[in-house]
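Engineer: Let me give you the structure first, and then I'll get to my questions.
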Amino acid sequence: MTQALDLLTDAEVRQIISLIDSLDRSHFDHLQIDVGTFKLTLGKGQWPADPTLAPSQSSSLPAPAPMASHAAPPSSAAAPQAATASAAKSPAKPLPQADWLPVAATTMGRFYSRPDPNSAPFVQLGDRVQTEDTVCLIEVMKLFNAIPAGVTGTVVQVCVQDTDVVEYGQVLFYVQA
């Protein structure tokens, strides 16, 4: 993906960022743009269950990997396999309790739990956070966004791992008030 982004001009990158901001502020959930060989698919929330509403996969080009598009919906055949792989990768996490408040991603991108590789994580299990405390960074197109807790309480669950690609609205942490 980095090599593909290197082919874009600064103006094109700014236009893509503008599209992301516009989609975020709009009442639309998904946006797909096909201009020549350039294809961009953006989404927030869940992809529609109705396959006729999902982005077209009928072109002769192979569908991009989820890491490349940051928004491509998983295929129905890959979904059970992905769930099994993620379950094997991390231990079972407790189900959220009624008094747990979610801290969600405010943008899609790559999740970073620490400001740099040599620093301690912003927050860990058991840490007390305030509304304005930074809990992580999310990188999108080489721009790092500090994500505030948005709630006050104790971190009771970390839902993603460092460098995971996260979607808009995905729960990153749970905080017990």
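The values are calculated or read from the model by the stated rules, or taken from the named source; none is laboratory data. Since this is a predicted model, take the numbers as computed values, not measurements. Here the Cβ is made from the backbone with ideal geometry for all residues, glycine too, and neighbour counts use every protein chain on show.
Engineer: Output the residues belonging to segment 119-137 that are without any contact (Cβ under 8 Å) to a residue 24 or more places away in the chain, within 30 Å of ASP10 (Cβ to Cβ) and either not hydroxyl-bearing (Ser, Thr, Tyr) or not assigned by TED's automatic domain parsing to the domain that holds VAL156 (or both).
Structural biologist: PHE122 - this is the single residue of segment 119-137 that is without any contact (Cβ under 8 Å) to a residue 24 or more places away in the chain, within 30 Å of ASP10 (Cβ to Cβ) and either not hydroxyl-bearing (Ser, Thr, Tyr) or not assigned by TED's automatic domain parsing to the domain that holds VAL156 (or both).
Engineer: Still on this structure, I have one more. Keeping to segment 158-177, report how many residues are surrounded by 19 or more Cβ atoms within 10 Å (Cβ to Cβ) and farther than 11 Å from PHE111 by Cβ.
Structural biologist: 3
Engineer: Another question, if that's okay. Can we say VAL140 is outside the structural domain of ILE16 (by TED's automatic domain parsing) and modelled with pLDDT of 95 or more?
Structural biologist: In short, no.
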